[in-house]
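The values are calculated or read from the model by the stated rules, or taken from the named source; none is laboratory data. As the structure is a computational prediction, the values presented were derived from the model and not from experiment. Here the Cβ positions follow ideal geometry from the backbone for every residue, glycine too, while neighbour counts run over all protein chains shown. SASA here: full protein model, heavy atoms, side chains in, ligands and nucleic acids out. Shrake-Rupley method; radii C 1.70, N 1.55, O 1.52, S 1.80 Å.
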Amino acid sequence: MYIIMLGAQGTGKGTVAGLISKETGFPQISTGDIFRQNIKEKTELGIEADKYISQGNLVPDEITVPMVTNRLSDKDAENGAILDGFPRTIEQAQKLDEILAKSGKKVDLVINLTTPREELIDRMITRRVCPKCKATFNTKLHPPKVDGICDNCGETLVQREDDSNPEAINRRLEIYEEKTSPLVEYYADKNVLRTEVISTSINRLADVVSKEIVEFIKSK
Ligand code: ADP
Ligand code: ZN
């Protein structure tokens, strides 16, 4: 089953994707994590991508699309995957349809997470990530057991560069509205969309929502 996660920055998209991946066994493919790993290792792809990422802009398709195509051809993604961060534009969605169609596959489910805007900015500022195992924490909503240390692997947590830069935060939210939100309609038209609200104001966070999604997937 090929599942896409949609949702603005700070909705808890990566957290939900991780929980679904754990329960279903489908690999979580996060384009942001792949880019950050390449930046850390100073690969050619990383150096190029960082020019865009540090400003909060999208990395061009010439770099992003082949990277995703490659990753999807790995053995562990043969029967399904959870795409977290791709597609982000209509053009990327069309490319993805083409890539999957080549092996007789398609997008089976799109989870659209929505969160009130005022909560999003706060969540990006309070987000902390593990540079080693990629787990995500939040100093307010789900802090690690030991302050500043990853629960899973003991590594020191860090704040992403683009989460500590207010201009990059605003730029990313703007791009989401303009380029990514049209995907909601694109997938609604294909009858694969499922929308979920995640918000502290109604006490619905990633754990509850993920559980419902996993039950839904298993019932299909
Ligand atoms: P966020 O959703 O909070 O921006 P991600 O970890 O998903 O974080 O992505 C980090 C950055 O990586 C994005 O701001 C963008 O520059 C780049 N990126 C990730 N996925 C894509 C994509 N599908 N197309 C273009 N750029 C991407
Ligand atoms: Zn870790």
>> I need the calculated FRET efficiency for the pair residue 171 and residue 211, taking r as the beta carbon distance and R₀ as 30 Å, to the nearest 0.05.
In response: 0.35
> Of the GluC sites (Glu not before Pro) in the stretch 69-101, which ones lie in a loop per DSSP and count no more than 16 other C-beta atoms within 10 Å?
Replying inline: 78
>> Using only DSSP helix segments of four residues or longer, with each worth -39500 (n - 2.57), what per-residue ellipticity at 222 nm results for the chain after dividing by its residue count and rounding to 500?
In response: -13000 deg cm²/dmol
> What is the antiparallel percent of DSSP beta bridges lying wholly in the chain, to the nearest 5?
Replying inline: 30 percent
> Among 46-54, 183-191, how do they line up from the highest to the lowest mean number of other beta-carbon atoms within 10 Å?
Replying inline: 46-54, 183-191
>> Classify the chain from the C-alpha gyration tensor, please: rounded if a/c falls under 1.5, else prolate or oblate depending on whether a/b exceeds b/c.
In response: rounded
> Say each of residue 161 and residue 122 gets a label point 7 Å from the Cα, pointing the same way as Cα to Cβ; how far apart are those two points in nm?
Replying inline: 2.9 nm
> Once fully extended, how much extra length lies between residue 218 and residue 97, figured as 0.36 nm per residue of separation less the alpha-carbon to alpha-carbon distance?
Replying inline: 41.2 nm
> Which percent of the accessible area of the chain is formed by carbon and sulfur heavy atoms (probe 1.4 angstrom)?
Replying inline: 51 percent
> Hey, can you rank 5-11, 212-218 by average C-beta count inside 10 Å, highest first?
Replying inline: 5-11, 212-218
> Which whole-number value in Å² is the accessible area per residue of the chain, probe 1.4 Å?
Replying inline: 52 Å²
>> So if each residue of separation counts as 0.36 nm, and I subtract the Cα-Cα distance between residue 41 and residue 1, what length gain in nm does that give?
In response: 11.3 nm
